[in-house]
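Working notes for the structure below.
Throughout, read-outs are computed from the coordinates displayed, never taken from laboratory work. Note that the coordinates shown come from a computational prediction; the quantities given were computed from them, not determined experimentally. Counting neighbours? That spans all protein chains shown, and the Cβs are built from the backbone with ideal geometry, glycine included.
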Amino acid sequence: MMRRLSACVEGSFVVEADCDEVMQQFDDFIHTWAKSELENFCVADDRLDTFLRSRMSANYPKAWSVCELALLLQHGQASVERGFSVNKELVVENQSKQTLAARRIIKDHIIQVNGVTNVEITRNMVVAARNARARYANYLAQQKEEQEAEK
């Protein structure tokens, strides 16, 4: 909690003068009535943010605001970092934005269906694969025409 609190102060989310009160509220929350409920908390039954909000927001408003910030910061940064990691795996030299976007869509679908062996190959996919070379040739011809038109 202290690490999160100092990150909130550094980011100007919490006034430094309130830190002692936040720590006192959080300590009071943990040691008074919430300890037994926290030990019995089950993620399958309840979400952590709703669990904490229902028990903290009225009696411990400053501690709740810091907990809320900590929950939001953790979630937001994790998904962004995960996205960067996936993109780093997919990037190849001289790759266009369209290609990266297409590879990302494919990767996300493979993850969604739990592996390559679970991807359903439809008739439309087979037709698209057969026509890919012709579409690429048309794309190159259009690019060449656009370059000549610019000259």
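Annotation: lysines with alpha-carbon distance below 26 angstrom to Lys62 (same-chain offsets under eight excluded): Lys35. Taking the Cβ-Cβ separation of Glu148 and Lys97 as r and a Förster radius of 25 Å, what is the calculated FRET efficiency to the nearest 0.05? The computed FRET efficiency comes out at 0.60. Cross-link partners for Lys107 among the lysines, with Cα-Cα distance under 24 Å and sequence neighbours closer than 8 places in the same chain left out: Lys88, Lys97.
With a Förster radius of 35 Å applied to the beta-carbon distance between Gln112 and Leu38, the computed FRET efficiency rounds to 0.55.
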